[in-house]
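The values are calculated or read from the model by the stated rules, or taken from the named source; none is laboratory data. Because the structure is a prediction, the values reported are computed rather than measured. Here the Cβ positions follow ideal geometry from the backbone for every residue, glycine too, while neighbour counts run over all protein chains shown. Note: areas computed on protein heavy atoms with side chains; ligands, DNA, RNA excluded. Shrake-Rupley method; radii C 1.70, N 1.55, O 1.52, S 1.80 Å.
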Amino acid sequence: MKNNIPDVPKADMHVHLEGTISPAMVEKLAKRNGISVPAGLIRDGKFIWDDDGTPAGNLKGFVKAYDDATGVMKCAADYADITYDYLKRSADEGCIYAEIFISVDHGKMVGLTYPEMLDAITKGYEKAKAETGIEARFISTCVRHYGPQAALRVARTTHDNPHPLVTGFGMAGDENAHAVADFKPAYDAAYDAAALPYRTAHAGEAAGPQSVREARDILDIRRFGHMVRAIDDPLLIDEQKNINAVPEVCVSSNLALRAFKDYASHPLRKFFDAGLKVVLGSDDPTFFGTSIGQEYQIAKQHFGFSDDELKAITRNAIEEAFVDDATRARLLARLDAAAPAVRKAPPKKKRGID
Ligand SMILES: [Zn+2]
């Protein structure tokens, strides 16, 4: 594995499709679509953004860079390409499963209907799967700061266009916009016991512990995007343990957007040791200079996770993945088949000797 990436099967459980677009892909799509790359977006092969030294200014700069980069996407082929590119890169790092947020609203900005966007994404996924064996599912995600009505439209569109690869509903965006209860109609509208049974929501990243309780109690969810601010409330950690809550933890994202100032203050290890069912995610990997392989590497290097513990994190992910039973069993078998990283495979016996 390159860059000391741990040689264990991995799962990326919190990642936004548009947030995986690489600087090289932005340049490629801009050229193909006959537009110029926004000035100041890429330097030395990396995305950069204005940072005035405050958390709010940093977030504003990130959002602008994100909009500038994804603004070069103009057609279905672009969706297919970014999906393939992300999955291929992840599979090359040992990722066996990814669960990816997709956005009806962003598809619309590109000029695609939801079924057109899904078609393109499926093409990219099937190519990556055929080449590497990686599996993925998609979570249709509303954007909280677009408001409850927009969320309801996303939910209805998702519900009315069932797709075997779209198995969950989620909410991203500004955690402080509107009240959680305003989005209950959207969650109710999206739900379908057979076609769309799963749900998650961003909570406890920018907003505090109360946002986690509200998402849990009002939206009836057990899987949480981030949930890291739960560390501020020991009682909440216990409550979350009691419901077997799953925090989707994205360390590089949290540091880049200043939810925590350094690895030492980040709660990844504390969550794991407390018995929470931690999973890892890369969030918007190309913007945060990371990848799912690197998130596992950071867990090992900066939080002291052993390879067996990293495998336990992947097991959590597969156990809690938004998949059918047959897919879950297949992925667990793949995880179990992976040799413990510390033990080398025995030399092959030569035929005819014994
Ligand atoms: Zn996110």
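Listing for the model above:
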quantity: Beta bridges by DSSP in the range 169-259, antiparallel share as percent, to the nearest 5; calculated: 10
quantity: Those aspartates and glutamates that a straight Cα-Cα span of less than 13 Å connects to Lys31, excepting residues fewer than 8 apart in one chain; calculated: Asp78
quantity: Whole-number percent relative contact order across the range 30-112, with pairs defined as alpha carbons under 8 Å at least 6 apart; calculated: 25
quantity: Between the range 228-296 and the range 17-65, the alpha-carbon center distance in angstrom; calculated: 25
quantity: Magnitude of the charge dipole, the chain, Cβ model with Lys/Arg +1 and Asp/Glu -1, debye to 20; calculated: 1160
quantity: Antiparallel bridge percentage (DSSP; both residues within the range 79-220; nearest 5); calculated: 5
quantity: DSSP-defined antiparallel bridges as percent of all bridges, the chain, nearest 5; calculated: 10
quantity: Unsatisfied cross-links (Cα-Cα over 28 Å) in the set Lys10/Lys127; Lys108/Lys129; Lys108/Lys241; Lys129/Lys184; calculated: Lys108/Lys241; Lys129/Lys184
quantity: Cα shape, the chain, gyration tensor, a/c 1.5 rule; calculated: rounded
quantity: Given charges at beta-carbon only (K, R positive; D, E negative), |dipole| of the range 94-242 in Debye; calculated: 220
quantity: Inter-probe distance in nm under a simple model that places probes 7 Å from Cα toward Cβ, at Asp262 and Lys184; calculated: 4.4
quantity: Computed lengthening from Asp308 to Lys46, 0.36 nm per intervening residue step minus Cα-Cα distance; calculated: 91.1 nm
quantity: The range 187-294 shape via C-alpha gyration tensor axes, a/c threshold 1.5; calculated: oblate
quantity: Förster radius 25 Å - calculated FRET efficiency between Asn244 and Asp92 (Cβ-Cβ, nearest 0.05); calculated: 0.20
quantity: Additional length obtainable on full extension of the chain from Arg156 to Lys129, 0.36 nm per residue less Cα span; calculated: 6.8 nm
quantity: Per-residue [θ]222 nm for the chain (sum of -39500 (n - 2.57) over DSSP H runs n ≥ 4, rounded to 500); calculated: -14000 deg cm²/dmol
quantity: In Å², nearest 10: area of Arg43 left accessible to a 1.4 Å probe; calculated: 150
quantity: Positive dipole terminus of the range 66-193, leading residue within Phe101, Tyr146, His159 (C-beta point charges); calculated: His159
quantity: Size of electric dipole in the range 262-327: Cβ of Lys, Arg +1 and of Asp, Glu -1, about Cα centre, debye, nearest 20; calculated: 240
